[in-house]
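Novice: After the C-alpha cells below, expect a handful of questions from me.
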Amino acid sequence: MGKKTINVDSLGELFHKIKSGGKRILAPVEKDGVILFGEVASYPEVATGYIQTVFSAKEAVLPRFEEILRFSSEGRDVVIEEESNKPVPTVVFGVRPCDAKSLSVIKAVFERDYPDIFVQSKIDSTTVIGLSCVNSDEYCFCTSVGGAPGDTAGSDLLLTRINDANYLAEIITEKGESIVSSAPELFSEAGNVDKDRHLAQVNRQFDLDELEKRLPALFESPLWAGQSLRCIGCGACSFVCPSCTCFDIQDETDGARGIRLRCWDSCGFAQFTLHTSGHNPRGVQSKRWRQRIMHKFSYQPGELGTAGCVGCGRCSRACPVDMNILQHIKDILEAR
Amino acid sequence: MSEFEPKIIAFVCNWCTYAGADLTGTSRIKYASNVRIVRLPCTGRIDFMLLMKAFSRGADGVIVSGCHPNDCHYTSGNFHARRRWIVFKSLLDFMGIDVRRIHFAWVSAAEGAKWAEVVNSVVNDVRALGPYDGYKNLAPIAADWRIQDAG
Amino acid sequence: MLAKMRQKAKDLLSSGVVSTVIGYGEGSGNRVRALFIRKPDDADKLILDERCVQNLAVYLTKREVRALGRPAVVARVPVMRTIQQLMFEKQVAEGEVAVIGISPDSQVLDFPDLKSMAEYVSAIPFELSADEKAAVEKLEKMTAGERWNFWLDVLSGCSKCYACRQSCPLCYCERCTVECNQPQWVSVPSHGLGNLEWHIMRAMHLAGRCVNCGDCFRACPLEIPLNLLTQKIITDIADKFGGADEYALNAFKPDDKEDFIR
Ligand code: SF4
Ligand code: SF4
Ligand code: SF4
Ligand code: FES
C-alpha cells in the first residue's frame, strides 16, 4: 500500500501517538537478561540487539491463561457471565516476520470447526508492527518454511532498518495505514530502497513440500525413538513456539461460584493424551515427539493448508536438552 | 477492622489434640469460636498442601497440633512431622509468606485447657494482624470477586 | 582422561556389561547434549569438558531408555549423588546401572558397584558454593515484604512449562502432584497463586533429596532462580539436622530442635 521512511528518533513520538489513541503497546523488553514481550509506556523501554524474544508475540492473542466465563448458582439456576474477556486494542511492536506469519497459523486453527471469539477478537483488535531481521543465528530457518527475514505477511506495518538513522516502513494493511495516518508528519516518502541488502541472510535448508510428502510413510519408523531418547518431555518447546496452540480448560471454583480459564498445554506432556481408562495412546516420549513433528509438518498442512512452524528456532534455543528441530527435520528427510 | 473475626483452620491429630479439644468442650471451658477443626489420623499425615489449601480458600490463620514428642499413637509420626514443619515454615518465610499466621502446638488428650489457650491466643494474634488476603488474592477468582463484593 | 573415559565406555559395551553408555557429545552451536552410545565404535563421540553438566541420571528412570537394557552413565559428583538418592528411593538397584565416575579434578573413576560409588561420594562434603550461599543470605536479610515481592516478581514469568521438573532426575513421579486433580491441589493456569504454589510444592518435594545439580535452573527458558528455594532448604537441613547423608525428611532425631512449637 505504500512505502515510507521513519527516523529512529521519531519512534518515541509514534509510540506517544499510539498511546494517546488509546492503544496498549506490547514490545520486546529486557528483564533480568531475558527478552520478552511486555507492555511498554514509551519507546526507550524497547529492547534492541537480540535475535529473538524467548516467548513469542502469540501471547498477545493467545495468552498463557485467560478467562472464558464465570458461573454461579443462584437458587436452582446457574448464572453465566461471558462479558469479562474483551480484547484491549493493542499494537504489538517489533514482531519478527516469522512471528507475524504465525498469527495466520493461529487464526487458521481457531477458525476451524467454529470461530473462537477470544482469539479472533484479539487478532482483530491487534495491529502488528513488524521488524525485519538484520541478524539471524544457526537456529533460524524461516526461509525453509515459506517465510523470509523481510517478509511482509502478517504485519500491518513492517519496519526495516536501512541506515543508522532510518527505518523503511512498508504499509501492508489498512491497520498499518491508520498507524501512519495517525502521525503523518513522522513519515517521509521512501525513494528507491534496496531492502534486501539490509536483511539477514537465511539460507533455505530443506524442502517443506518434500517433508510433508515423506512424513506419512515414516509413522512407524524407528527414527522417532532415536531422535527423542534425550527428550525429557517438558513443554518448553510448545510454550515458546509462536504457532503451537494446544490449550487446557480449567474451572476454578469458590463455593457456589467459579471461573473457567483456558491455559496453554503441550503435546510433550505425558498426561496430554491420558484417557480416563488409564490408557495412553502416546504413552512414551517418542510418540509425543513424532506427534509434534507430524502435527506441524503433515497434519496441519493437510487440514489448514499451512505448516504449523514458521522457522523461528525458539524451540531449539529453549530446549534444555538441545533437541534441534532443524537438524531433526534434515535427518528425517535423509531417512530411507 | 474492629469487626474483623479471623477464620482459623486447625489441623489436628485424632489421638491427642482432637481428644484434647473434646475435653475442652466437656470441661465446659469457653474458647473462641473462630476455629474449624479438621481431624487427621496423625500429624505425620498433615501434608503441607493442606495448609496451602486452607490459605488459598480464605483462612486467615492455621493451627497444626498433635501429640507431644514420644506420645504419637504411631510412635514417630510427630517426629517426622516436626522435621517437615521446620523446613516448611522456614521455606514459607523465605518466600515472604506471612508465617505469623501459622501456629504449631503439642496438645495432649488431657490438655483441654491448653487447647483453649492455644486457640484463644492464635485468634487474638491473627485478629491483630487483620485478614490474610495477599495469598488467596493471587488467584484470579478470589481477587476479582473480592473487588466485586466490595463494589 | 578423555581417552580413558572412551576406553571405559568401549570396554563396557564390547564386553556386554552394558548395552548403552549415556554420556555427553557435541550438540548445536557450542552446546553439548546427551548421547546414548550403543556401539563400541561410537564411544569416540563422547566428550568431557566444563560444558558437560547436565545431570544424566534423569534418563535412568525413563522408560524408553531403560528398555535399551542396562545403562552405564557418565557421572560427575552431583550425578553420583543423584544415583545414591535414587538407590535410597528404590528407583535404581545395585546391578542395574554402571557408573563411569568423574572426580572433581576430572579423573575417571572405576567403581566395581554402586555401593562403592555411594561410599566415594558420601565422603565429599555436600555444601553450597560461596556464591550460592551469598545469594540465599541476601534474600534472608530482606524483610518478609521484600521477599514476598521478590518472589511474586520472579515467579510471575513462570509459564509452567515444567522444564525444571522434567530436567530434574529426582522428579521422576509418573503423575506429579500438579496433575492430581481430585482435588486439584495446585491451580493449573500460571497465574499468581498457581505459580507460587507450584514452586512451594516442588521445593518441598525435593527437600532433603535435591542434590543441587542446577539442572532445573539451567532448564528454565526464563532463567528463574527457582533453585534458590532448594538451596535454602539445603542450608536449613545442614544447620538444623546436621547435614544428613540420606533423605533428611525420612529421618528424625527425638531431640530435633525448633523454637516455634508451643
Ligand atoms: S516449531 Fe520451533 S521453529 Fe517452528 S515455529 Fe515453533 S518454536 Fe519456531
Ligand atoms: S522451567 Fe521455568 S517457566 Fe518452566 S515451569 Fe519451571 S520455573 Fe516455570
Ligand atoms: S514436584 Fe513432586 S510430585 Fe511433581 S514430579 Fe517432582 S517430586 Fe513428583
Ligand atoms: S497420632 Fe498424634 S501425632 Fe501421631
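Novice: Under the definition of partner shielding as Cβ atoms of other protein chains within 10 Å of a residue Cβ, what is the mean value for peptide C:135-145? Let's see the in-between values first.
Specialist: Numbers: counts 0, 1, 0, 0, 3, 3, 0, 2, 1, 9, 3.
Mean shielding by partner chains, rounded to a whole number: 2.
Novice: If only Cα atoms are counted, what is the Rg of segment A:250-336, and what is its Dmax, in Å?
Specialist: In order Rg, Dmax, the Cα atoms of segment A:250-336 give 16.9, 59 Å.
Novice: At 1.4 Å probe size, with every protein chain present, just tell me what the per residue accessible area of segment A:254-336 comes to in Å². Spell out each step's value before the answer.
Specialist: Working: 3070 Å² over 83 residues.
Heavy-atom SASA per residue in segment A:254-336 reads 37 Å².
Novice: If I model a spin label at C:T143 and C:S106 as a point 7 Å from the Cα along the Cα→Cβ vector, what separation in nanometres do I get?
Specialist: My value for the distance between the label points is 4.9 nm.
Novice: For segment C:130-250, what's the relative contact order in percent, using C-alpha pairs closer than 8 Å and at least 6 residues apart?
Specialist: Working: 100 pairs, mean separation 33.5, N = 121.
So the answer I get is 28 percent.
Novice: Taking each residue in A:26-34, count the Cβ atoms of any other chain within 10 Å of its Cβ, then average. What number comes out?
Specialist: Numbers: counts 0, 0, 0, 0, 0, 6, 7, 2, 6.
For peptide A:26-34, the averaged partner shielding equals 2.
Novice: Around C:R33, under 12 Å between beta carbons, what's the net of Lys plus Arg minus Asp minus Glu among the other residues?
Specialist: Numbers: positive: A:R230, C:R31, C:K45, C:R51; negative: A:D322, C:E26.
The answer is +2.
Novice: Roughly how far apart, in whole Å, are the Cα centres of segment B:19-49 and segment C:52-121?
Specialist: Their Cα centres are 47 Å away from one another.
Novice: Pop a pseudo-label 7 angstrom from the Cα along the beta-carbon direction at both B:D133 and A:D77 and give the gap in nm to one decimal.
Specialist: The answer from the label model is 2.9 nm.
Novice: Right, something else. What whole-number value in Å² describes the accessible area per residue of segment C:130-250 for a 1.4 Å probe? Write down the numbers at each step before the final one.
Specialist: Values: 4620 Å² over 121 residues.
Each residue of segment C:130-250 exposes 38 Å² on average to a 1.4 Å probe.
Novice: Largest first and in whole Å, give the semi-axes of the protein assembly as shown's equivalent ellipsoid, each being the square root of 5 times a Cα gyration tensor eigenvalue.
Specialist: 47, 38, 23
Novice: Give the separation of the Cα centroids, segment A:82-117 to segment A:279-336, in Å.
Specialist: Centre-to-centre (Cα) distance: 22 Å.
Novice: Continuing with this model, one more query. Please work through chain C and write down the cysteines that have no neighbouring cysteine Cβ at a distance under 4.7 Å.
Specialist: Lone cysteines by the Cβ rule: C:C52, C:C158, C:C161, C:C173, C:C176, C:C180, C:C210, C:C213, C:C220.
Novice: Estimate the FRET efficiency between A:K195 and A:H16 by the formula 1/(1 + (r/R0)^6), using the beta-carbon distance for r and 22 Å for R0, to the nearest 0.05. Display every interim value, and only then the final one.
Specialist: Details: r = 27 Å, r/R0 = 1.23.
My answer for the efficiency is 0.25.
Novice: What are the semi-axes of the equivalent ellipsoid of segment C:2-122, taken as the square roots of 5 times the eigenvalues of the Cα gyration tensor, listed largest first and rounded to whole Å?
Specialist: Gyration-tensor ellipsoid for segment C:2-122: 20, 16, 14 Å.
Novice: Still on this structure, please answer the following. Once a ≥ b ≥ c are taken as the square roots of the eigenvalues of the Cα gyration tensor of chain A, is the result rounded (a/c under 1.5), prolate (a/b larger than b/c) or oblate (a/b not larger than b/c)? Mind showing how you got there, number by number?
Specialist: Details: a/c = 2.12, a/b = 1.18, b/c = 1.80.
In terms of gyration-tensor shape, oblate.
Novice: Evaluate the charge dipole of chain A about its Cα centre and quote only its size in Debye, nearest 20, assuming +1 on the Cβ of each Lys and Arg and -1 on the Cβ of each Asp and Glu.
Specialist: Working: 38 positive and 45 negative charges, 157 e Å.
That gives a dipole near 760 debye.
Novice: Which lysines, on any chain, are close to A:K17 with Cα under 30 Å apart, when same-chain ones fewer than 8 places away are left out?
Specialist: List returned: A:K3, A:K4, A:K31, A:K58, A:K86, A:K101, A:K107, A:K122, A:K175, A:K195.
Novice: Could you work out the local net charge near A:A169, counting Lys and Arg as +1, Asp and Glu as -1, over the other residues with Cβ closer than 13 Å to its Cβ? Walk me through the numbers on the way to the answer.
Specialist: Details: positive: A:K3, A:K4, A:R161, A:K195; negative: A:D156, A:E170, A:E177, A:E189.
After counting each charged neighbour, the total is 0.
Novice: Full extension from C:Q7 to C:L128: what is 0.36 nm times the residue separation minus their Cα-Cα distance, to one decimal in nm?
Specialist: Values: separation 121, 0.36 × 121 = 43.56 nm, distance 3.31 nm.
Answer, rounded to one decimal: 40.2 nm.
Novice: Enter the mean number of other protein chain beta carbons within 10 Å of the beta carbon of each residue in A:221-231, as an integer. Mind showing how you got there, number by number?
Specialist: On the way: counts 0, 0, 0, 0, 3, 2, 0, 1, 10, 12, 4.
Mean partner-chain Cβ count within 10 Å for A:221-231: 3.
Novice: Which one, C:V186, C:L222, C:P169, projects farthest toward the positive side of the charge dipole computed for segment C:130-250 from Cβ point charges (K/R +1, D/E -1)?
Specialist: Result: C:V186.
Novice: Still on this model: Given a 10 angstrom Cα cut-off, can you work out which residue in C:E50, C:E127, C:E197 is the most mobile in a GNM of chain C?
Specialist: In this elastic network of chain C, the residue with the biggest mean-square fluctuation among C:E50, C:E127, C:E197 is C:E50.
Novice: If you don't mind, another one. Apply 1/(1 + (r/R0)^6) to the Cβ-Cβ distance of A:L333 and C:R70, taking R0 = 30 Å, and write down the FRET efficiency to the nearest 0.05. If you can, show how the numbers build up before the last one.
Specialist: On the way: r = 34 Å, r/R0 = 1.12.
FRET efficiency, A:L333 to C:R70: 0.35.
Novice: Still on this structure: Tabulate in residue order the Karplus-calculated ³J(HN,Hα) for segment B:23-36, using 6.51 cos²θ - 1.76 cosθ + 1.60 with θ = phi - 60°, rounded to whole Hz; enter x for Gly and Pro.
Specialist: Result, ordered by residue: 5, 3, x, 5, 7, 6, 8, 7, 8, 3, 8, 7, 9, 10 Hz.
Novice: Quick one: pull the percent of accessible area on segment A:227-336 belonging to carbon and sulfur, 1.4 Å probe, ligands and nucleic acids left out. Walk me through the numbers on the way to the answer.
Specialist: Numbers: 1820 of 3720 Å².
Heavy-atom surface of segment A:227-336 belonging to carbon and sulfur, 1.4 Å probe: 49 percent.
Novice: Moving to a separate point now. Whole-Hz Karplus ³J(HN,Hα) for segment C:111-122, in order, using 6.51 cos²θ - 1.76 cosθ + 1.60 and θ = phi - 60°, x for Gly and Pro?
Specialist: 10, x, 8, 5, 4, 6, 4, 5, 5, 4, 6, 5
Novice: Roughly how big is the B-C contact, given as buried accessible area in Å² (both sides, 1.4 Å probe, nearest 100)? If you can, show how the numbers build up before the last one.
Specialist: Working: alone 8700 and 14560 Å², together 19300 Å².
Roughly 4000 Å².
Novice: Let me ask another. Identify which of A:D99, A:D77, A:D156 has the largest mean-square fluctuation in a Gaussian network model of chain A, with springs joining Cα atoms closer than 10 Å.
Specialist: A:D77
Novice: Each residue of segment A:16-21 in turn: what ³J(HN,Hα) in whole Hz from Karplus with 6.51, -1.76, 1.60 and θ = phi - 60°, glycine and Pro shown as x?
Specialist: Going residue by residue, I get 4, 5, 4, 5, 6, x Hz, with x marking Gly and Pro.
Novice: R0 = 30 Å: FRET efficiency of C:E96 with C:E50, Cβ-based, nearest 0.05?
Specialist: After rounding to 0.05, the efficiency reads 0.55.
Novice: On the full set of protein chains, 1.4 Å probe, figure out the accessible area of A:H16 and give it in Å² to the nearest 10.
Specialist: 120
Novice: Further, regarding this structure: Which value results for Rg/Rh of segment B:1-146 when Rg is the Cα radius of gyration and Rh the Kirkwood radius based on the inverse mean 1/r? Spell out each step's value before the answer.
Specialist: Details: Rg = 15.2 Å, Rh = 15.6 Å.
When Rh is taken as the Kirkwood radius, the ratio is 0.98.
Novice: How large is the dipole of segment B:8-150 about the Cα centre if only Lys and Arg carry +1 and Asp and Glu carry -1, each at its Cβ, rounded to the nearest 20 debye? Could you put the intermediate results ahead of the total?
Specialist: Numbers: 17 positive and 12 negative charges, 35 e Å.
The calculated dipole for segment B:8-150 is roughly 160 debye.
Novice: Positive end of the charge dipole of segment B:1-69 (Lys, Arg +1 and Asp, Glu -1 on Cβ, about the Cα centre): tell me which of B:L51, B:A19, B:G61 has its Cα farthest that way.
Specialist: B:A19
Novice: So, one more: Please identify, among A:S238, A:S316, A:S221, the residue showing maximal mean-square fluctuation in a Gaussian network model of chain A using a 10 angstrom Cα cutoff.
Specialist: Per the Cα network of chain A with a 10 Å cutoff, A:S221 tops the list.
Novice: Taking the Cα centre as origin and putting +1 on Lys and Arg beta-carbons and -1 on Asp and Glu beta-carbons, what dipole magnitude results for segment A:217-336, to the nearest 20 debye?
Specialist: Working: 14 positive and 10 negative charges, 48 e Å.
The calculated dipole for segment A:217-336 is roughly 240 debye.
Novice: Tell me the net charge near C:C158. Cut-off is 12 Å between Cβ atoms, C:C158 excluded, with +1 for each Lys or Arg and -1 for each Asp or Glu. If you can, show how the numbers build up before the last one.
Specialist: Working: positive: A:R64, C:K160, C:R165, C:R202; negative: C:D153, C:E197, C:E223.
In short, +1.
Novice: Using a 1.4 angstrom probe on protein heavy atoms only, which residues from segment C:27-51 are buried by at least 10 Å² of accessible area when all chains are present rather than their own chain alone?
Specialist: So the qualifying set is C:S28, C:G29, C:R31, C:R33, C:A34, C:F36.
Novice: Also: Which one of A:V202, A:L62, A:L261 is farthest out on the positive end of the charge dipole of chain A, using unit charges on Cβ (Lys, Arg +1; Asp, Glu -1) and the Cα centre as origin?
Specialist: Value computed over the given set: A:V202.
The values are calculated or read from the model by the stated rules, or taken from the named source; none is laboratory data. Keep in mind it's a predicted model, so treat the numbers as computed, not measured. Note that each Cβ is placed from the backbone with ideal geometry, even for glycine, and that neighbours are counted across all protein chains shown. SASA here: full protein model, heavy atoms, side chains in, ligands and nucleic acids out. Shrake-Rupley method; radii C 1.70, N 1.55, O 1.52, S 1.80 Å.
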